[in-house]
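Asks: Starting off with a structure, shown below.
The values are calculated or read from the model by the stated rules, or taken from the named source; none is laboratory data. The structure presented is a predicted model; accordingly, all values stated were derived computationally and were not measured. Virtual Cβ from ideal backbone geometry, glycine too; neighbours counted across all protein chains shown.
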Ligand SMILES: [Zn+2]
């Protein structure tokens, strides 16, 4: 009799909530890891930690609600607090968002960094680069000049924005084409190349002033 009771009680002795391998569990774990890696690459480690903290807190609250478990509610609160720390850190973390233009081909490049971690580095075509493409020397090396720089260099420091623009090259020459003088634009670009390669003795500063003056005149003529 005693042995029967022992056998009958055995199934209850095994905790039903113990972690077990299931395909569903594997799928969920893979999804969470994948999303975490995507977030780290896309938004940087701080934003990823914040988003994961918030997401995990929400999941824990739902789980706690359905299980009516106080300890799960406490866990959700703890995770939410931990999730707030990266938010505070992100508000004061060193970062930089720089835009640059290539003098040679007129393409732009956007570089975003958080704590020295590159979250974005993208080169894009522009109207100027499409215009300059037939004139650009084959196999040119990009000559990036920073056109805007929004950055915080140290923790909780200020984050000023700096702006500038390319003084010569594809972008400036294209301005003339855009304003209705493609011949002058092409000439300006070829002169820029001639100065660079030493075929023209004209100083770059003089060329820059002349192109700037031509753009100003073209703008005034349009008005
Ligand atoms: Zn280039």
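Asks: Only residues that are within 15 Å of the ligand (Cβ to nearest atom), out of contact with any strand residue (DSSP E or B) (no Cβ under 7 Å at 6 or more places or on another chain) and in a loop (DSSP other than H, G, I, E, B): list them for segment 118-155, please.
Replies: Result: 125, 133, 134, 135, 136, 137, 138, 139, 140, 141.
Asks: Further question: Within segment 77-111, how many residues are at pLDDT 85 or above, farther than 20 Å from residue 162 by Cα and more than 16 Å from the ligand (Cβ to nearest atom)?
Replies: 2
Asks: Could I ask something else about it? Hey, among 40, 61, which residue is more than 30 Å from residue 129 (Cβ to Cβ), touching a helix residue (DSSP H, G or I) at 6+ places or on another chain (Cβ under 6 Å), at pLDDT 85 or above and not assigned by TED's automatic domain parsing to the domain that holds residue 162?
Replies: 61
Asks: Please find, within segment 92-119, the residue that is farthest from residue 192 (Cα to Cα) out of those that are free of Cβ contacts under 8 Å to residues at least 24 places away in the same chain and surrounded by fewer than 16 Cβ atoms within 10 Å (Cβ to Cβ).
Replies: Across segment 92-119, the extreme among qualifying residues is 116.
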